[in-house]
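Q: Just passing along the structure, written as structure tokens.
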Amino acid sequence: MKLSELDPRWWSVDMSRRGQGIHFLCPTCRIERIGVAFNNPIDGGAPAPGCKFYWTRAGESFDDLTLDPSINAAAVGHWHGFIKSGETIGNEHACILSVQSGEVIDITGKVSR
């Protein structure tokens, strides 16, 4: 499935930054959002402070984005897989955990709005 079909959005800790991470709809349930931080943000600045894990990004758009390592949100009942060249690849098991829509689940299971 194309990442662009999952309503992806760049995020940053403040408005002066661009692309410190990404969040997108879970490829399995397409209801909840999964978010990760980049160790090499799009704007070339420092990574977002305080994140437990960071992903290495290649690509500048949702259509060519590749992230390493895999994204594993299975601990909170969601998708585990890769983003390679703008495509999501991986386990599409049924999501088993439901939280309120509009929340972002990070890789540690922390939920935020």
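Q: If you stretched the chain out fully between Met1 and Ala75, how much longer would it get, using 0.36 nm times the residue separation minus the C-alpha to C-alpha distance?
A: Length gained, Met1 through Ala75: 24.5 nm.
Q: Could you list the chymotrypsin sites (Phe, Trp or Tyr not before Pro) in the range 24-82 that lie in coil according to DSSP, counting only those with at most 13 other Cβ atoms within 10 Å of their Cβ?
A: Filter output for the range 24-82: Phe53.
Q: Are there any GluC sites (Glu not before Pro) in the range 1-80 that are in a DSSP loop and have at most 13 other Cβ atoms within 10 Å? List them by number.
A: Passing both the DSSP loop test and the Cβ count: Glu60.
Q: For Asp63 paired with Asn40, estimate the spin-label separation in nm (one decimal), with each label point 7 Å from Cα along the Cα-to-Cβ line.
A: Taking the two extended label points, one gets 2.2 nm.
Read-outs throughout are calculated quantities, based only on the coordinates presented, and are distinct from any laboratory measurement. Everything numeric here is computed off the predicted structure, so don't read it as measured data. Glycine gets a Cβ as well: all are built from the backbone with ideal geometry, and neighbour counts include every protein chain shown.
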